[in-house]
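Asks: I have a structure I would like to understand better, so I am pasting it below and will then ask my questions one at a time.
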Amino acid sequence: MSEQSIDAPKVEDQFSDILLVLDTKKKRIEAVKGIGENGELQTVTANKKNENQFMRVDKHGDFFFKFFSNFLNQLKNPTHFNFFKVAVHDGINVANKMQKEVDNPTQEGEKLFSEHEIKINNKQENKNIMETTQPATETSEYRFKLEQIDWNAMSNLGLSKERLEKMKLLDPLLKGYKTNELVPISLDLGTSITRMDARLSLQQNDKGQVVVAIHGIRKEPQLNFPFFGHEFTNEDKENLLQTGNMGRVVDLTNPKNGETIPSIISVDRLTKELIALRTDRIKIPDEIKGVKLDEQQKQTLAEGKALYLEGMISKKGEPFNAAVQFNADKCYVEFLFDRTNNTQSVNQQQEIPRIFRGKELDDQQYQKFKEGQTVHVSGLVDKKGKEYQGYITLDKETAKTNFSFDNPNKLKEKAQPKEENKTQVAVNSEGKTNEATKNTKEPLKTEQNHSDSKKQQQEQEKPKAAAKSKGRRI
């Protein structure tokens, strides 16, 4: 979903295909759901209702071939089926066309089946090597073809095939991505020319024609108007403006059919465009930079919330900590550590942990902990099985839990200056350096630079005692 169209293809769909299957006995085209425990093929009717159950497969190169080899090895009676590889966004449409051709075969249908069918190379069947009837020019990786682009329309934008290739933008456009950078374009309207920077993408219109979508720069995201039926709360707006992610799941309404779609929302940081991603398209990795995620952490990310992770390993092999969050525009989990001004918003979106080193906080402890107060925790167990206790405090800026064996509040109290030293602290640390205060023993008031009490004045006016001689006696 995006501001232009709730049905716009999503970036992550470009990484996936689905498998359609023709059961040669039943003469039915269905979508593959998986394989049962006994090797039976599990399928569902290829319709919108069952779309969430379709098995998605990484479409790129060797990975797909290895997957499909393993798939056939597990399948009982694979020769009873013909398999077809179809892009996610076009799966249901192709399945309907194929079923019509199965019922009433035509020459066009043969071409359709041939284009998507996955065949086993009989000479190397034992090695389960597959080949498709598509050309070996990585055509299967692309959503669009060069000949589908309206180059006259591109020319009106001041763009050509050569220029797009030189800017290294043609390849991602053909794969269905938005350009990852702003492109300077000139929009020729005949009587006037408009120049602007924008991100570009290729999309199919209602007639199936490939058109150029222009994602222009906005001054700010449109948060004061309903977005597919959702009205942004003040917290939603703050999160989107600060981190670029709203931080929660909301129900959006498809204006075409009234369908309710649970989604997360982010801001395109280049154009300020609002981008929505339905939750069934969110894919959370098992591991992030060496840190394995448990089910609770995965659920936090799947709900669009920020998650603070410790002990990740950078490419240089150095450990680091950072908040991470799923971004609807990028379609992956991103790091938030570089947004130094957004720590408060990240903390608002993040779920405060209730368990510390295996010990669950009770309700009273948890409430104090969330408020930033120091909480005493006992019954902790170290690696050698010995119990210990200490104090924990939530750092609201980083959402990190700080631990200390000593109460940090008492340490702060001990560190406070004594009464007779407060004047000197005021002079040294608070800039109260007026000459009139240097002999005053009485503590100064905040922002006081001169003696304003009789006692202070009298002390100041006392004659100085003669300095003692430091000469040595002979």
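The values are calculated or read from the model by the stated rules, or taken from the named source; none is laboratory data. Since we're looking at a predicted model, the values are computed, not measured. Backbone-built Cβ (ideal geometry, glycine too); neighbour counts: all protein chains shown.
Asks: Just for the stretch 402-417: of the residues that are assigned to a loop (DSSP other than H, G, I, E, B) and surrounded by 11 or more Cβ atoms within 10 Å (Cβ to Cβ), which one is modelled with the highest pLDDT?
Replies: Ranking the qualifying residues of the stretch 402-417, first place goes to Asn407.
Asks: What are the residues in the stretch 319-338 that are among the charged types (D, E, K, R) and under 15 Å from Tyr308 (Cβ atoms), if any?
Replies: Within the stretch 319-338, Glu334, Asp338 qualify.
Asks: Mind listing just one residue for me: the one in the stretch 201-222 that is within 21 Å of the chain's Cα centre (by Cα) and surrounded by 19 or more Cβ atoms within 10 Å (Cβ to Cβ) and, of those, nearest to Gln148 (Cα to Cα)?
Replies: Restricting to residues being within 21 Å of the chain's Cα centre (by Cα) and surrounded by 19 or more Cβ atoms within 10 Å (Cβ to Cβ), the top hit is Ser201.
Asks: Go through the stretch 283-335 and give me each residue that's hydroxyl-bearing (Ser, Thr, Tyr) and within 15 Å of Val249 (Cα to Cα).
Replies: Within the stretch 283-335, Thr300 is the sole residue that qualifies.
Asks: Filter the stretch 18-40 for residues that are of a type in the set (Asp, Glu) and at pLDDT 80 or above; which is farthest from the chain's Cα centre (by Cα)?
Replies: Applying the filter and picking the extreme gives Asp23.
Asks: Among the residues that make up the stretch 306-315, is at least one of them touching a helix residue (DSSP H, G or I) at 6+ places or on another chain (Cβ under 8 Å), outside any strand (DSSP E or B) and either at pLDDT 90 or above or of a type outside the set (A, V, I, L, M, F, W, C) (or both)?
Replies: yes
Asks: Tell me, please, whether a residue that is in a strand (DSSP E or B), surrounded by 13 or more Cβ atoms within 10 Å (Cβ to Cβ) and not assigned by TED's automatic domain parsing to the domain that holds Gln299 can be found in the stretch 231-250.
Replies: Yes - at least one qualifying residue is present in the stretch 231-250.
Asks: State all residues of the stretch 225-249 that are touching an Asp or Glu at 6+ places or on another chain (Cβ under 9 Å) and more than 27 Å from Asp206 (Cβ to Cβ); if no residue qualifies, say none.
Replies: Correct list: Leu241, Gly244, Asn245, Met246, Gly247, Arg248, Val249.
Asks: Within the stretch 162-199, how many residues are assigned to a strand (DSSP E or B) and either at pLDDT 85 or above or not hydroxyl-bearing (Ser, Thr, Tyr) (or both)?
Replies: 11
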